[in-house]
Amino acid sequence: MIETRSLKTLTRRQLLSRGVAAGAGLVVGSGFVAGRDAAWATEMDAMKPESFATLVQMARDIYPHDKVGDQYYAAAVKGYDVPEEVDFAQAGIDMLDEASRAAGFDSYLGAGWEADRVAILRGIEDTDFFQRIRGGLVTGLYNQKEVWPIFGYEGESYSKGGYMYRGFDDITWI
Amino acid sequence: MAAPFELSDDNVVVIIGTGAGGGVLANELAQKGVSVVALEAGGRYLPEDYVNDEWDSFGQLAWTDTRTTSGDWRVAKDFSNLPAWIVKAVGGTTTHWAGASLRFQPHEWKALTNYGAVDGASLLDWPIDAEEMDPYYTRAEDKLGVTRTNDIPGLPGCNNYKVFEAGAKKLGYKEVHTGRMAINSQERDGRMACQQTGFCFQGCKWGAKWSAAYTDIPAGEATGNLEVREKAHVARILHDDSGKVTGVEYFDEAGDLQMQRARVVCVAGNSFESPRLLLNSHSSMFPDGLANSSGMVGRNYMRHLTGSVYATFEQPVRMWRGTTMAGIVQDEARHDPSRGFVGGYELETLSLGLPFMAAFLDPGAWGREFTTALDSYENMAGMWIVGEDMPQESNRVTLSDAEDAFGLKVANVHYSDHPNDTAMRDHAYKQGAAIYDAVGATRTLPTPPYPSTHNLGTNRMSERPEDGVVNRNGRAHDVPNLYVSDGSQFTTGAAENPTLTIVALAIRQAEHIASEMNQGVL
Ligand SMILES: Cc1cc2nc3c(=O)[nH]c(=O)nc-3n(C[C@H](O)[C@H](O)[C@H](O)COP(=O)(O)OP(=O)(O)OC[C@H]3O[C@@H](n4cnc5c(N)ncnc54)[C@H](O)[C@@H]3O)c2cc1C
Ligand code: SF4
């Protein structure tokens with residue numbers, strides 16, 4: 001899960017006043033990226049906040065789940081915000097913005113409709129950058145235990161005695 | 001002499017691998033008073049160690065040493081270094097397995113005779129038949145405690161099964177039930193009944209499912225005749241000038257090379273590692289690999305054609321609750337060429353947790369077509385297709401240029417579907433979807449084969465030495481004291497999940513080896 005660290009002490013208004021809206025649900029400030037509702041925020045260690053916001057939006061566009069909040073996508077790509085990965089990520093994001101400009105937008109985040117962003121992603125889907133981001137999300141996103149309940153998945157069951165007395169055959173509609 | 005045995009003890013039977021084949025053979029021989037050293041590349045994990053978490057369990061149990069792939073199969077693209085999802089641990093893949101325990105149908109032992117020659121396929125009859133195997137199947141079913149045999153009741157049906165059963169019956173299928181499973185439906189052999197935990201693929205924490213790790217292996221050890229050396233990776237089988245094997249070289253836990261002498265060597269490393277080991281054991285006397293005068297070592301790799309059908313519904317199913325493989329439709333398992341293919345297939349319920357569903361539903365896919373399916377995860381039901389795939393000489397395990405941590409050449413696995421496989425899979429996708437449509441599916445998802453779980457045929461059994469690697473007892477045609485004891489000895493794959501047959505063959509082979517030793521022939 002994304003850490004809110006020192007940002008936790010800021011009020012929602014203070015937080016939002018320090019950043020600008022970027023993409024669908026994100027606020028970018030100096031050294032941090034936050035959710036529009038300020039329910040979560042993460043400080044940047046190595047990456048430019050706008051770049052991280054782009055990566056979060058890209059993650060959502062690859063595996064869009066409307067019930068899954070941005071913080072989970074942010075957690076899934078936070079691993080690129082380290083000195084060893086940031087150059088790789090930045091080069092890919094530059095390429096993505098370049099492709100977006102070629103498609104007539106200011107930047108990737110400047111494309112307001114998912115369909116437009118997906119069309120841009122389709123154009124770069126064979127690149128190493130896209131494939132690494134996508135591949136990493138398969139575990140980075142779906143193996144977050146906090147995400148499982150959103151899909152109804154119940155995870156570990158042994159400690160609760162399995163489902164023998166907890167609904168293994170409770171289906172009623174069939 | 002009692003276990004542990006000396007490296008220099010040349011009276012022991014050395015078994016390589018402790019899974020369904022090796023683990024059972026080790027115990028059966030030990031029960032007969034034969035001294036056995038079983039060498040296992042993996043470590044020892046028991047129910048208290050297993051974890052109810054798909055990726056953590058994968059990290060704990062799976063064989064993740066490098067392998068390479070080639071051929072048309074989609075696994076080569078999506079999982080190029082993971083051609084199989086199998087286990088490296090004491091007990092082998094019986095820690096992972098779902099427990100479905102079916103006998104071959106009598107006609108399947110004689111595929112060539114009953115199907116006729118098929119273009120591009122290297123079909124062959126097994127040198128043994130249903131009648132000969134019957135008593136060994138009976139003993140295997142008793143050992144594994146298979147439901148619906150030996151008066152053991154079937155398991156109760158979970159949610160995933162109830163959807164499957166209702167659809168199958170609406171479609172007119174008759175042979176629909178909760179399976180013949182090596183999972184206790186009631187307490188048996190000191191192991192408790194299934195608690196419907198839903199993590200059968202991650203090792204059964206209750207011990208309700210049969211696994212060699214906590215049944216046959218400790219039973220063999222208790223006799224004092226079996227020593228299991230874990231984290232012992234066999235590198236090479238050695239032989240003398242007369243062409244008999246004399247022992248094996250292995251890397252111990254510290255990475256040091258050791259040599260264990262042997263009277264008999266039995267290879268049971270599953271269908272990639274067994275041929276790899278024979279090929280890596282080449283010498284001036286056996287330049288193409290041990291036991292390979294036929295050139296058949298590594299060839300005729302079979303994996304069952306497989307595939308899955310998942311479906312979403314308006315209301316919740318919660319398929320992950322309860323046994324992972326919870327029921328079966330057997331009506332399509334018959335041989336009926338009017339369907340456009342030879343051989344048949346079984347349909348078996350299957351469930352994956354969310355993390356594995358994301359990885360395996362449509363590897364590489366992204367965007368809303370994919371994610372909206374996962375959005376309905378709670379409302380999803382699932383089944384797996386297990387059908388007989390055609391043996392083809394070109395589907396094979398060879399030595400790759402890549403090397404493992406010990407500097408040993410790794411296995412390359414080459415596989416392409418035969419047209420019969422494709423025709424059968426398409427038929428099964430249609431029938432699977434029809435089952436779910438019959439009970440109101442809102443969407444059906446024909447899912448491609450996962451990395452292989454059933455691996456067969458790469459040291460196949462044959463009547464004539466030129467057609468295969470081992471004879472009717474699993475004994476190498478070329479080397480009198482060398483045996484193959486795992487799924488790689490399968491001549492053809494049949495439609496059924498293979499493990500009951502592997503176990504029955506191991507019980508039979510133990511009888512043969514003990515008798516040959518008593519007669520002084522071995
Ligand atoms: C997820 C899953 C579900 C399954 N469900 C079913 C089912 O429901 N029904 C069914 O019939 N089958 C099922 N199977 C298949 C079943 O598990 C295998 O058919 C069976 O375990 C194969 O037995 P084996 O002896 O050939 O190999 P394994 O059981 O894989 O054992 C081989 C052992 O050899 C060891 N080894 C390999 N090389 C070396 C070496 N060089 N030195 C030392 N040790 C070595 C390995 O580490 C391993 O422990 C399933 C498999 C999987 C993965
Ligand atoms: S569902 Fe049953 S057999 Fe499977 S892991 Fe749970 S208790 Fe064991």
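The values are calculated or read from the model by the stated rules, or taken from the named source; none is laboratory data. Just so you know, these numbers come straight off a predicted model, no measurement behind them. A quick note on method: Cβ atoms are made from the backbone with ideal geometry, for glycine too, and the neighbour counts reach across all protein chains shown. To get the accessible areas, we keep the full protein, side chains included, count just its heavy atoms, and leave off ligands, DNA and RNA. Shrake-Rupley method; radii C 1.70, N 1.55, O 1.52, S 1.80 Å.
A few remarks follow.
- Per the conditions (1) within 14 Å of chain A (Cβ to nearest Cβ); (2) touching a Cys at 6+ places or on another chain (Cβ under 7 Å), the sole criterion not satisfied by B:Gly99 is (1).
- Qualifying residue in region B:484-492 (condition: out of contact with any Ser or Thr (no Cβ under 8 Å at 6 or more places or on another chain), closer than 25 Å to B:Leu123 by Cα and within 11 Å of ligand 1 (Cβ to nearest atom)): yes
- Region B:451-483: number of residues that are within 14 Å of ligand 1 (Cβ to nearest atom) and either of a type in the set (S, T, N, Q) or more than 14 Å from the chain's Cα centre (by Cα) (or both): 10
- Filtered residues of region B:208-223 (kept if open to solvent by less than 20 Å² (accessible area, probe 1.4 Å), farther than 11 Å from B:Gly145 by Cα and either in contact with a strand residue (DSSP E or B) (Cβ under 8 Å, 6 or more places away or on another chain) or more than 15 Å from ligand 1 (Cβ to nearest atom) (or both)): B:Ala213, B:Ile217, B:Gly220
- Output for region B:326-343, where each listed residue is in a loop (DSSP other than H, G, I, E, B) and open to solvent by 10 Å² or more (accessible area, probe 1.4 Å): B:Gln330, B:Arg334, B:His335, B:Asp336, B:Gly340, B:Val342
- Hey, B:Ala495 within 16 Å of the chain's Cα centre (by Cα), outside any helix (DSSP H, G or I), crowded, with 18+ Cβ neighbours inside 10 Å and touching a residue at least 40 places away in the same chain (Cβ under 8 Å) or not: yes
- Hey, B:Thr149 surrounded by fewer than 24 Cβ atoms within 10 Å (Cβ to Cβ), within 16 Å of ligand 1 (Cβ to nearest atom) and among the hydroxyl-bearing types (Ser, Thr, Tyr) or not: yes
- Scan region B:237-262 for residues that are basic (Lys, Arg) and either more than 29 Å from the chain's Cα centre (by Cα) or more than 11 Å from B:Val13 (Cα to Cα) (or both) and the total you get is 1.
- Evaluated against (1) within 14 Å of chain A (Cβ to nearest Cβ); (2) within 15 Å of ligand 1 (Cβ to nearest atom), B:Thr312 falls short on exactly one condition, (2).
- Count of region B:388-403 residues, restricted to those that are out of contact with any Lys or Arg (no Cβ under 7 Å at 6 or more places or on another chain) and more than 18 Å from B:Lys110 (Cα to Cα), is 5.
- Qualifying residues in region B:195-250 (those that are touching a Leu at 6+ places or on another chain (Cβ under 7 Å) and either within 14 Å of chain A (Cβ to nearest Cβ) or within 16 Å of ligand 2 (Cβ to nearest atom) (or both)) - the one nearest to A:Glu156 (Cα to Cα): B:Gly203
- Residues of region A:157-174 satisfying the condition of being more than 12 Å from B:Gln196 (Cα to Cα) and of a type in the set (D, E, K, R): A:Asp170
- Qualifying residue in region B:277-288 (condition: out of contact with any Gly (no Cβ under 7 Å at 6 or more places or on another chain), open to solvent by less than 10 Å² (accessible area, probe 1.4 Å) and at pLDDT 95 or above): no
- Considering the conditions (1) within 13 Å of chain A (Cβ to nearest Cβ); (2) more than 8 Å from ligand 2 (Cβ to nearest atom), B:Arg188 is excluded by exactly one of them, (1).
- The helices (runs of 4 or more DSSP H) located wholly in region B:344-447 that include 2 or more residues which are away from chain A (no Cβ under 14 Å) and either among the small types (Gly, Ala, Ser) or open to solvent by less than 10 Å² (accessible area, probe 1.4 Å) (or both) occupy B:419-437.
- Restricting attention to region A:84-96, the residues that are open to solvent by less than 30 Å² (accessible area, probe 1.4 Å) and among the charged types (D, E, K, R) add up to 0.
- Per the listing A:Asp81, A:Asp169, A:Asp70, the residue uniquely without any contact (Cβ under 8 Å) to a residue 40 or more places away in the chain, touching a strand residue (DSSP E or B) at 6+ places or on another chain (Cβ under 9 Å) and crowded, with 17+ Cβ neighbours inside 10 Å is A:Asp81.
- Region B:82-100 - residue that is over 23 Å from B:Ala232 (Cβ atoms) and more than 7 Å from ligand 1 (Cβ to nearest atom) and, of those, least open to solvent (accessible area, probe 1.4 Å): B:Pro83
- Matching entry among A:Asp128, A:Asp116 (being open to solvent by 40 Å² or more (accessible area, probe 1.4 Å) and closer than 15 Å to A:Gln57 by Cα): A:Asp116
- Of the residues screened, B:Tyr450 is one that is open to solvent by 10 Å² or more (accessible area, probe 1.4 Å), over 25 Å from B:Glu511 (Cα atoms) and modelled with pLDDT under 95.
- If you filter region B:449-473 down to residues that are part of a loop (DSSP other than H, G, I, E, B) and farther than 30 Å from B:Glu332 by Cα, you find that the one that is nearest to ligand 2 (Cβ to nearest atom) is B:Asn473.
- Count of region B:289-340 residues, restricted to those that are aliphatic (A, V, I, L, M), touching a Gly at 6+ places or on another chain (Cβ under 7 Å) and over 25 Å from B:Cys194 (Cβ atoms), is 4.
- Out of B:Lys174, B:Lys205, sole residue that is modelled with pLDDT of 95 or more, basic (Lys, Arg) and surrounded by fewer than 20 Cβ atoms within 10 Å (Cβ to Cβ): B:Lys174
- Only residues that are of a type outside the set (A, V, I, L, M, F, W, C) and within 14 Å of B:Asp129 (Cα to Cα) were counted in region B:494-504, giving 1.
- Any hit, region B:241-259, residues being of a type in the set (Phe, Trp, Tyr) and open to solvent by 40 Å² or more (accessible area, probe 1.4 Å): no
- Within region B:61-88, the set of residues being farther than 9 Å from B:Gln202 by Cα and within 16 Å of ligand 2 (Cβ to nearest atom) comprises just one member, B:Val87.
- Checklist (1) open to solvent by less than 10 Å² (accessible area, probe 1.4 Å); (2) within 14 Å of ligand 1 (Cβ to nearest atom) applied to B:Phe199, failing item: (1)
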